[in-house]
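Let me begin by presenting the structure, written as structure tokens, before commenting on it.
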């Protein structure tokens, strides 16, 4: 599962590399952004602000806002994996949507660790390789969406999510989050609908727990 997620998401790095160069970054700036920031939503927000004429400070603020979700993932992953202190910095860097989702989808502690590291390392390696490829090819790629790469990541997430919807409460949360996302997409900047959906999911979960108490 971790390796398949890595391939699907890594391929999407081609579009980031191409868009980063189109936004005014050099090839190596695009690669450095993928290697060091390494969170797709934040990276696309960063170059989106730059390409729209925004300042570096505005781009960094937008990227940081979207990156807040990784802090939430970090709390969950620490509780699941209980890593040694020496590996925590590396684990923190690899804590992204894909590695978290892959780990949470497993049943045993050993499989959670394998899933996290397979997805985390796999996505990092392929994301950076394809970022470099996309940056080198630049405009010769045309519209990245025409290749279907944007849909690959979405399909991978749906594949992880579907088996987790095992009861009515889980279905209710998924429906509420999906509805909020659909409503928010045309109204707010890219990436913000994900944060809104997460907030709604948390609120619905709290309400469900209070109802059951």
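Each value in this text was obtained by applying a stated rule to the coordinates, not by laboratory testing. Everything quoted here is computed from the prediction, not taken from an experiment. FYI the Cβ positions are ideal-geometry reconstructions off the backbone, even for glycines, and counts take in every protein chain you see.
Mean-square fluctuations from a GNM of the chain, with a 10 angstrom spring cutoff on Cα atoms, peak among 178, 20, 105 at 178. Could you let me know the centre-to-centre spacing of region 51-123 and region 2-49, using Cα atoms, in angstrom? Taking the Cα centre of region 2-49 as reference, the centre of region 51-123 is 16 Å away. For region 37-89, taking the reciprocal of the average inverse distance between every pair of different Cα atoms yields a Kirkwood hydrodynamic radius of 12.4 Å.
Give the calculated FRET efficiency between residue 210 and residue 60 to the nearest 0.05, with a Förster radius of 41 Å applied to their Cβ-Cβ distance. It comes out at approximately 0.60.
Structural size metrics of region 166-213, computed from C-alpha coordinates, are Rg and Dmax of 11.7, 37 Å. For the chain, state what percent of all Cα-Cα pairs lands in each successive 10 Å bin, counting from 0 Å until the bin that includes the largest distance. Spelled out bin by bin, the chain gives 8, 31, 38, 19, 4, 0 percent.
Working from Cα positions, state the angle (0 to 90°, nearest 10) between the long axis of helix 2-22 and the longest principal axis of the chain. Relative to the chain, helix 2-22 is tipped by roughly 40 degrees. The length gained by stretching the chain between residue 68 and residue 7 to full extension, at 0.36 nm per residue less their Cα-Cα distance, is 19.5 nm.
In region 1-115, the alpha-carbon atoms span a convex hull of 102 Å³ per residue. What residue among 177, 101, 62 shows peak mean-square fluctuation when the chain is described by a Gaussian network model with Cα springs under 10 Å? Of 177, 101, 62, the Gaussian network model singles out 177 as fluctuating most. For the chain, adding -39500 (n - 2.57) for each run of n ≥ 4 DSSP H residues and dividing by the number of residues yields -25500 deg cm²/dmol at 222 nm. Would you mind checking the tilt of helix 109-137 against the longest principal axis of the Cα atoms of the chain, expressed as 0 to 90 degrees and rounded to 10? So the helix axis and the longest Cα principal axis differ by about 20 degrees.
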